[in-house]
Structures are given as structure tokens and as C-alpha cells.
1. Can you pull out every residue in segment 294-317 that is free of Cβ contacts under 8 Å to residues at least 24 places away in the same chain and either aliphatic (A, V, I, L, M) or closer than 14 Å to Tyr215 by Cβ (or both)?
2. Just to verify a result, which residue in segment 117-144, among those that are among the charged types (D, E, K, R) and part of a loop (DSSP other than H, G, I, E, B), is surrounded by the fewest Cβ atoms within 10 Å (Cβ to Cβ)?
3. Filter segment 273-320 for residues that are of a type outside the set (S, T, N, Q), touching a strand residue (DSSP E or B) at 6+ places or on another chain (Cβ under 6 Å) and either at pLDDT below 95 or over 15 Å from Gln28 (Cβ atoms) (or both) and give the result.
4. Which residues, taken from segment 79-93, are under 20 Å from the mean Cα position of the chain (by Cα) and touching a residue at least 40 places away in the same chain (Cβ under 8 Å)?
5. Every residue in segment 72-116 that is among the aliphatic types (A, V, I, L, M), part of a helix (DSSP H, G or I), within 25 Å of Arg313 (Cβ to Cβ) and touching a strand residue (DSSP E or B) at 6+ places or on another chain (Cβ under 8 Å), please.
6. Mind checking whether some residue in segment 8-27 is at pLDDT below 95, loosely packed, with under 13 Cβ neighbours inside 10 Å, out of contact with any strand residue (DSSP E or B) (no Cβ under 8 Å at 6 or more places or on another chain) and at positive phi?
7. Assigned to a strand (DSSP E or B), closer than 24 Å to Phe82 by Cβ and of a type in the set (Val, Ile, Thr): is that true of Val161 in this structure?
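The values are calculated or read from the model by the stated rules, or taken from the named source; none is laboratory data. All of these numbers come straight from a predicted model, not from anything done at the bench. Neighbour counts are summed over all protein chains in view; Cβ atoms, including those assigned to glycine, are modelled from backbone coordinates with ideal geometry.
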Amino acid sequence: MVRNRRAGNTGVLRRVRFERVAQEELLQRPPVPHVASNGAEWLAVPGWEKTGWLWHGFSTRRGGASRAYCADGVPGELNLGFTADDDRGAVVRNRGLLVEAITGETATPLVTIRQFHSTVLVVANREDAARETPLKADGLMTAEPGLLLGVQTADCIPVLVADRKRRAVAAFHAGWRGTVERIVEKGIGRMHLEFGSRPGDLLAAIGPGIGACCYAVGEEVLSSFESQFLYSNDLFREVHETDAVRTKYPMLFLTQRAPGHSPIGPSLHLNLVEANRRQLLAAGLKERSIRVVGGCTSCNTDLFFSHRGSQGRAGRMLSVIGIRQAKTSSDECFQ
């Protein structure tokens, strides 16, 4: 029995609503990255390499020119966000490395946005890549070949979508606020409006983000999801974090608080990856068309940047998608 988490009579008790699990049960094995010839490391979506017209990739933190977030003696890192701690020139070089790794050409235009945990969506074109101040949004899409779309993350969930029939693509940044406001569902609807995309023709990939193993949340988040989703209880677990010292010396951690008032105990964890997978299904995508790339950013700070895992001082990764520029007849003569 636990106290009611929602507002009401403070003395009312009810049964535990969430499955209790050990943190180890939720751990995700990180995927093995590709290493480009220029040293940049990135993750591909299994099966998407068969779609020859599609560029895509999820960056890691390894293989770049940044020194802001790595220890002395460690090779430079692939920070792709213009953060206050890093040198702008290093980030520009890193972005060129990732673009080259994905498309084969450093000159391929890259369109990014100023993200602010919203559901604002924009249709991007080549001119947007040259903007000094990117548009404010948390999702972008295009049907224009020859450019990459990118969203930045350092724990939030990146979602990439491709329309196999109409050759349109989209990228979404889904933190908990964007997720609870259905940015991915709204994005699929916007693709239908802009390009005529049908959910049955779409492929989607959910990239690395903070996993349920590490994403402890509070009452505000729980209440927000409960108010929006009938399946919200499926997204939460009560996680018992194992601690070798606590297990061996339990008397050291006793408090004088009454039972039920001590901060020691299981914490409530949210599965943001599953939340966005459920939104893709609700939007009409087929289950077999959705890929979860995997890897918890907070668990694997050697591979990923993590805002939580580094106590707020972290670089940014980019998740990118684009439509390969069709070869001209003159290009094909030289192949």
C-alpha cells in the first residue's frame, strides 16, 4: 500500500498502481556505432540502409574536435550544439564531420532549429540552412532533396520519420513536455497535411535518449501523463535502485521519520521511448515499421552526451535525416 500520489485526502491509502522493478531490469544495451572514415561515430537504423534514397543517422559523442567536455588526454569529442562551454569553430567542424559521415559531402546543407520543448513544427527548405538564427520549433520536415534535417538531444528522445511512397522526411525532439503534448502524433498529422503522407507508408526510428532505468520523475510529470493518456500507467515503473553499501550496512540509512515519509525507497520512472512508440502506433504506423535504436544516454556517458548524467554540463548530439540528392545524367557518367 502507498499513499495516494494525487491531490485528495492525505490519509487515504490505495494499492500500488505501478509494477516494481529493480533498476537492472530496465537497463538497455547500447548499440555498436559505425565509425566513419573521418573518425565521426554514429548509429544507423537497422534495415534503413535498404532505402537507398534516404540519409539518416544518430550521432554519438565520439570522434570530433571539441575539448569542452572531455578529460585531458582524451581525443576530441563530437559536440554538435552551440553550447556556452564550447568553441563555436569546433562545433562547426564537428557538424561538417557528421554531415560528411552521413552524406559523403561536407557541403550538404544542414537545417537545425532552436528547440524549446514545444509542439511547434516547421517545413524546412534549403534557405533555412543559411539562417543566422534558426527557427524556433521542436520538429521539422521536408520533401526537398539534398539537405539534412537535425534535432539536438542530450537525454530527450529523437524521433525520425520517413515516407517511403512520397519521399518526405521529418525529425522530432520529444522531451517529456513535448511527449505529453503529442508532438510526434501532431507531426504525423502535419506530414499528411503537407505531403499527403499516409501512416501505413511511414517508417519511424526512435533514437538514443534517457531510459526508464534512469529517468526518475515527480508528481508534475505523472499528473500530466495521467491527464492525457489512458495507457499512462503502462509508461511508469516504481524502481528500486540497488546500492551495495546500503544493502551491506542498512542501519546507516535509517531515519527518524515515520514509515511512508522517508525519502528512501523506490522512485517513479518514466519510459519516454515507449511513450513515443505508443504515439506512433496511435498515429497509424504499423508496429513492424517502428525501430527502437536503443541505448540510455544517462547510463552510457562514454558514448552519449547526457544532461542528467553529467549534472547539467553536457554537449549535444544530432539526429539527422534527409532525402538523397538524385544523380544527374552527367554525374552518372563518372560512376
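1. Scanning segment 294-317 gives no hits.
2. Here is the first cut: in segment 117-144, the ones among the charged types (D, E, K, R) are 126-128, 131-132, 136, 138, 144.
Filter once more, keeping what is part of a loop (DSSP other than H, G, I, E, B): 131-132, 138, 144.
Details: Arg131: 12, Glu132: 4, Asp138: 26, Glu144: 19.
Filtering segment 117-144 for residues that are among the charged types (D, E, K, R) and part of a loop (DSSP other than H, G, I, E, B), the one surrounded by the fewest Cβ atoms within 10 Å (Cβ to Cβ) comes out as Glu132.
3. Within segment 273-320, Leu280, Leu285, Ile290, Phe305, Arg316, Met317, Leu318, Val320 meet the criteria.
4. Passing the criteria: Asn79, Leu80, Gly81, Thr83.
5. Within segment 72-116, Ala90, Val91, Leu97, Leu98 qualify.
6. yes
7. Judged against the criteria, Val161 is not a match.
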